1. Expected output is a single nm value to one decimal: the length gained when fully extending between residue 42 and residue 231, i.e. 0.36 nm times separation in residues minus the C-alpha distance. What is it?
2. What order do you get for 74, 249 when you list them from fewest to most C-beta neighbours inside 10 Å?
3. Scale the Cα Rg of the chain by the rule-of-thumb value 2.2 N^0.38 Å and send over the ratio, two decimals.
4. Give me the distance in nm between label points sitting 7 Å out from Cα along the Cα-to-Cβ direction at residue 84 and residue 119, one decimal.
5. Using packing as a proxy for protection, rank 179-185, 199-205, 24-30 so that the peptide with the highest average count of other Cβ atoms within 10 Å comes first.
6. Work out how much length residue 26 to residue 183 would gain on full extension: take 0.36 nm times their residue separation and subtract the Cα-Cα distance, in nm to one decimal.
7. Label-point separation (nm) for residue 8 and residue 159, each offset 7 Å from Cα along Cα-to-Cβ?
8. In nm, what is the difference between 0.36 nm times the number of residues separating residue 59 and residue 166 and their Cα-Cα distance?
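What follows is calculated from the coordinates using simple rules that are stated; it is not laboratory data. The model shown is predicted, which means the values in this text are computed figures rather than measured ones. Positions of Cβ are backbone-derived with ideal geometry, glycine not excepted, and every protein chain shown enters the neighbour counts.
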């Protein structure tokens, strides 16, 4: 079964070996640079030279929109092998609107069940996450869990998160569905997990002694408008491939990097 058919059937793919060892080292080095304060981001404290990278990273969970400050992070939005898969599962015209760099140190929580399209709504259900495993993502360190086929459902109702040590306590949790079919989407480092915006997914607490670093970029068909952040069509985007049918609307600079809080 080819990638497009598997993605259409299950709503997600784990494609191993897309990112090379040297590329992973570049990502790890830049991740350390970001959280050491080499770039100016509100909430990130300039690290002392005596602090190890591990000690610095242990303070943080995630930064949103790192591609706004780092050319390394921006480069991985356009990663050629990732883009080839995106063209198969989305189509010839693809844009990106968001990046998220997770560090997830030992003991840090995951995210409750949710569907990304509830928060980043496309017109054609084309939203796709590309989750680059910088470290091996395992059940122990808090990999993604998914419900295969749930991308064919509609958006679930949501409720405030109940007290649960697995989750960060931020925002909502999807409710009203059976999660008996949930499976872990374990991914060796260098793999990319692609998942549809309607797919129900979660992650749990990191119970290992190390980090679970991942760069997650969100893409969609460039043919779809994006009603997001109060805009009729959100235009703070990166064109990835193909043609932008809405190019005459121009581009905006809206988003800036921000730290994701943790419980």
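1. Full extension from residue 42 to residue 231 adds 65.6 nm.
2. Going from least to most buried by this count: 249, 74.
3. The value comes to 0.96.
4. Each label point is offset 7 Å from its Cα along the Cβ direction, giving 3.2 nm.
5. 199-205, 24-30, 179-185
6. 53.5 nm
7. 3.7
8. Difference between extended and current length: 36.7 nm.
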